[in-house]
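K.L.:
Below you'll find the structure I mean.
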Amino acid sequence: MAPGDASQSVRREIAGASIADLAHAHGTPLYVYDAEIIRQRCRDLAAWDTIRFAQKACSNLAVLDLVRRAGVVVDAVSAGEIHRALAAGYPAHAPVAAASATDLPPAHPIVYTADIFDRDSLDAVARLGLHVNCGSADMLEQLAERVPGAAVTLRVNPGFGHGHSQKTNTGGEGSKHGIWHEEIPEVLRRAEWAGLSVSGLHMHIGSGADLAHLAEVAGSLERVAHEIGRSLTTISAGGGLPVPYKPEEVRADLGGYFTLWDATRKRLEDRFGHRIRLEIEPGRYLTAEAGFVVTEIRAVKRQGGRKYLLVDAGFNTLARPVLYGSYHPMSLCPAGDSPTACEEVAVGGPLCESGDIFTQADGGFVTTRPLPAAAVGDLLVIEIAGAYGFVMASNYNSKPLPAEVLVDGGHGRLVRARQSVADLVRGETV
Ligand SMILES: *Cc1c(COP(=O)(O)O)cnc(C)c1O
């Protein structure tokens with residue numbers, strides 16, 4: 001952005017709906033989602049047999065319903081997410097089984113994916129007969145006791161990882177996730193003793209845009225697939241598709257990504273003599289760019305040489321900056337005429353906590369951002385907030401969870417009401 005050019009950072013609409021009108025109708029802070037962006041991200045991945053949405057990224061029922069209508073199935077990591085999937089209209093089971101070796105096996109509408117069963121999730125899985133992706137061997141016996149003869153997927157840790165921070169790395173010795181690759185023969189024996197068959201194989205490493213790394217992951221999955229043998233009908237490349245948060249970041253090479261996994265799948269089909277379903281399991285990719293946090297500027301102040309905008313959203317609303325030092329683009333929706341000049345500002349929230357800053361770098365250092373000159377009462381829009389946004393919001397400082405609005409066809413619909421103060425103390429007694 002050219003210095004002083006404020007126009008690029010002014011935004012008055014989201015998907016054709018007036019931001020000022022949405023804030024007026026629903027209050028702030030407010031999560032707003034653009035339905036068409038989510039549909040477009042689903043279409044981007046149409047080459048894959050199955051898109052399985054990792055709903056933990058954005059699990060509002062209206063979003064789940066939207067992706068379901070786009071032909072996308074879901075992952076659930078808890079009894080709560082199983083409940084959400086059912087409430088959004090997903091059936092527990094696929095309607096039909098594969099007729100022959102030339103047909104693809106059906107996709108499970110809901111898969112429970114975790115490294116453990118807590119007691120509630122094991123109860124839900126057993127009651128509904130859901131397919132399970134096991135991230136630890138202990139899950140095998142626990143499942144077999146409740147669901148004799150079940151077919152399962154194994155999540156394998158190939159012994160190396162990737163990820164944009166230590167907290168998001170999902171492979172290697174530093175990760176708790178998946179079954180260690182060297183343990184696979186032993187785990188297959190345990191599955192057999194427990195009377196379970198292994199129909200799926202899954203790796204979620206988060207290779208991002210790094211195709212060389214991905215080739216390593218696919219190669220590793222293929223070797224494990226050979227150990228499992230002909231019972232295998234589905235392989236999953238996991239999630240981790242990146243989205244560009246910063247202006248200089250580029251989109252992932254989706255074509256290259258698919259080609260690599262498709263080649264792995266075809267070699268396995270040739271070897272086993274039957275079709276293999278190829279799944280991808282995005283979370284962030286489907287919803288990140290569709291989500292916006294609309295917040296109101298409540299104070300503008302100077303601390304020595306640095307200017308701060310203090311807004312009514314905090315890390316209770318959007319936790320990624322304080323958790324990971326994540327960058328989110330921001331724009332201003334001014335109450336009056338558009339300002340013509342930009343200035344460097346830090347942006348913080350209302351919480352009694354010095355880490356409550358949206359413009360922070362890795363390590364918690366406060367940084368600044370060029371934004372159009374702003375005043376109290378203007379709205380600030382925090383962008384690319386649709387993944388790991390609302391779902392990580394908390395009641396810290398006894399702040400109610402924000403409302404969520406889905407904009408479709410230029411019309412904004414409230415899809416989750418803002419919490420009330422009564423909601424805040426529900427279940428508490430003196
Ligand atoms: C979180 C998660 C995903 C989605 O990760 P993204 O980086 O959001 O794409 C996919 N699969 C599993 C098992 C996960 O835990």
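The values are calculated or read from the model by the stated rules, or taken from the named source; none is laboratory data. Model, not experiment: these values are computed from the prediction. Neighbour counts run over all protein chains shown; Cβ positions are idealised from the backbone, glycine included.
K.L.:
In the set Pro95, Pro105, which member is at pLDDT below 95, in contact with a Lys or Arg (Cβ under 6 Å, 6 or more places away or on another chain) and farther than 17 Å from Ala290 by Cβ?
P.N.:
On the way: Pro95 fails: in contact with a Lys or Arg (Cβ under 6 Å, 6 or more places away or on another chain).
Answer to the check: Pro105.
K.L.:
Somewhere in the range 46-53, is a residue surrounded by fewer than 20 Cβ atoms within 10 Å (Cβ to Cβ) and under 30 Å from Ile297 (Cβ atoms)?
P.N.:
no
K.L.:
Just wondering, is there one or more residues in the range 394-402 that are in contact with a strand residue (DSSP E or B) (Cβ under 8 Å, 6 or more places away or on another chain) and of a type in the set (Gly, Ala, Ser)?
P.N.:
no
K.L.:
Restrict the check to the range 150-165 and report whether at least one residue is outside any loop (DSSP other than H, G, I, E, B), more than 24 Å from the chain's Cα centre (by Cα), over 30 Å from Arg320 (Cα atoms) and modelled with pLDDT of 95 or more.
P.N.:
Going residue by residue through the range 150-165, those that are outside any loop (DSSP other than H, G, I, E, B) are 151-157.
If we keep only those that are more than 24 Å from the chain's Cα centre (by Cα) as well, we get 151.
Those still in the list that are over 30 Å from Arg320 (Cα atoms) too: 151.
Retained after the next criterion (residues that are modelled with pLDDT of 95 or more): 151.
Yes, the range 150-165 has at least one match.
K.L.:
A further question on this structure: Would you call Ala263 small (Gly, Ala, Ser) and in a loop (DSSP other than H, G, I, E, B)? Can you show your working first?
P.N.:
Details: small (Gly, Ala, Ser): yes; in a loop (DSSP other than H, G, I, E, B): no.
No.
K.L.:
With the requirement that a residue be more than 29 Å from Ser7 (Cβ to Cβ), among the aliphatic types (A, V, I, L, M) and touching a helix residue (DSSP H, G or I) at 6+ places or on another chain (Cβ under 8 Å), what does the range 311-370 give you?
P.N.:
Answer for the range 311-370, where residues must be more than 29 Å from Ser7 (Cβ to Cβ), among the aliphatic types (A, V, I, L, M) and touching a helix residue (DSSP H, G or I) at 6+ places or on another chain (Cβ under 8 Å): Ala319, Leu323, Leu351.
K.L.:
Out of Ala25, Ala46, which single residue is in a loop (DSSP other than H, G, I, E, B) and either touching a Cys at 6+ places or on another chain (Cβ under 7 Å) or farther than 22 Å from Tyr388 by Cβ (or both)? Step through it out loud before you land on a result.
P.N.:
On the way: Ala25 fails: in a loop (DSSP other than H, G, I, E, B).
Of Ala25, Ala46, the one residue that is in a loop (DSSP other than H, G, I, E, B) and either touching a Cys at 6+ places or on another chain (Cβ under 7 Å) or farther than 22 Å from Tyr388 by Cβ (or both) is Ala46.
K.L.:
Check the range 381-397 and report whether any residue there is exposed (fewer than 12 other Cβ atoms within 10 Å of the Cβ) and more than 25 Å from the chain's Cα centre (by Cα). Give the derivation first.
P.N.:
Just the residues of the range 381-397 that are exposed (fewer than 12 other Cβ atoms within 10 Å of the Cβ), to begin with: none.
Taking every residue of the range 381-397 in turn, none turns out to be exposed (fewer than 12 other Cβ atoms within 10 Å of the Cβ) and more than 25 Å from the chain's Cα centre (by Cα).
The rows are residues; the columns are (1) away from the ligand (no atom under 16 Å from the Cβ); (2) in contact with a helix residue (DSSP H, G or I) (Cβ under 8 Å, 6 or more places away or on another chain); (3) at pLDDT 95 or above; (4) not in a helix (DSSP H, G or I).
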| position | (1), (2), (3), (4) |
| --- | --- |
| Ala212 | yes, no, no, no |
| Glu216 | yes, no, no, no |
| Glu222 | yes, yes, yes, no |
| Glu227 | yes, yes, yes, no |
| Glu248 | yes, no, no, yes |
| Tyr257 | no, yes, no, no |
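K.L.:
Please state which one of Gln55, Gln40 is free of Cβ contacts under 8 Å to residues at least 60 places away in the same chain and polar (S, T, N, Q).
P.N.:
Numbers: Gln55 fails: free of Cβ contacts under 8 Å to residues at least 60 places away in the same chain.
Only one candidate passes the filter, namely Gln40.
K.L.:
Now a separate question. Among the residues of the range 270-325 satisfying the criterion of being among the hydroxyl-bearing types (Ser, Thr, Tyr) and more than 16 Å from the ligand (Cβ to nearest atom), which is farthest from His204 (Cα to Cα)? Give the steps one after another, and end with the answer.
P.N.:
Step one: list which residues in the range 270-325 are among the hydroxyl-bearing types (Ser, Thr, Tyr), which gives 285, 287, 295, 308, 317, 324.
Still in the running and more than 16 Å from the ligand (Cβ to nearest atom): 295, 308, 317.
Details: Thr295: 34, Tyr308: 39, Thr317: 27 Å.
So the residue we want is Tyr308.
K.L.:
Would you be able to say whether some residue in the range 129-143 is aliphatic (A, V, I, L, M), away from the ligand (no atom under 15 Å from the Cβ), assigned to a loop (DSSP other than H, G, I, E, B) and under 28 Å from Asp270 (Cα atoms)?
P.N.:
no
K.L.:
Let me ask another. Would you point out which residue out of Asp75, Asp21, Asp34 is modelled with pLDDT of 95 or more and over 22 Å from Thr295 (Cα atoms)?
P.N.:
Numbers: Asp21 fails: over 22 Å from Thr295 (Cα atoms); Asp34 fails: over 22 Å from Thr295 (Cα atoms).
Result: Asp75 is the single residue among Asp75, Asp21, Asp34 that is modelled with pLDDT of 95 or more and over 22 Å from Thr295 (Cα atoms).
K.L.:
Still on this structure: Quick test for you: out of Ala335, Ala288, Ala319, pick the one residue that is within 30 Å of Asp408 (Cα to Cα), of a type in the set (A, V, I, L, M, F, W, C) and surrounded by 20 or more Cβ atoms within 10 Å (Cβ to Cβ). Explain how you work it out, then say what you get.
P.N.:
Working: Ala335 fails: surrounded by 20 or more Cβ atoms within 10 Å (Cβ to Cβ); Ala319 fails: surrounded by 20 or more Cβ atoms within 10 Å (Cβ to Cβ).
Just one listed residue meets the conditions, Ala288.
K.L.:
While we're looking at this one, here's another question. Would you confirm, using the coordinates I've provided, whether Ala54 is of a type outside the set (Val, Ile, Thr) and more than 16 Å from Gly239 (Cα to Cα)? It would help to see each step written out before you state the result.
P.N.:
On the way: of a type outside the set (Val, Ile, Thr): yes; more than 16 Å from Gly239 (Cα to Cα): no.
No: the conditions fail for Ala54.
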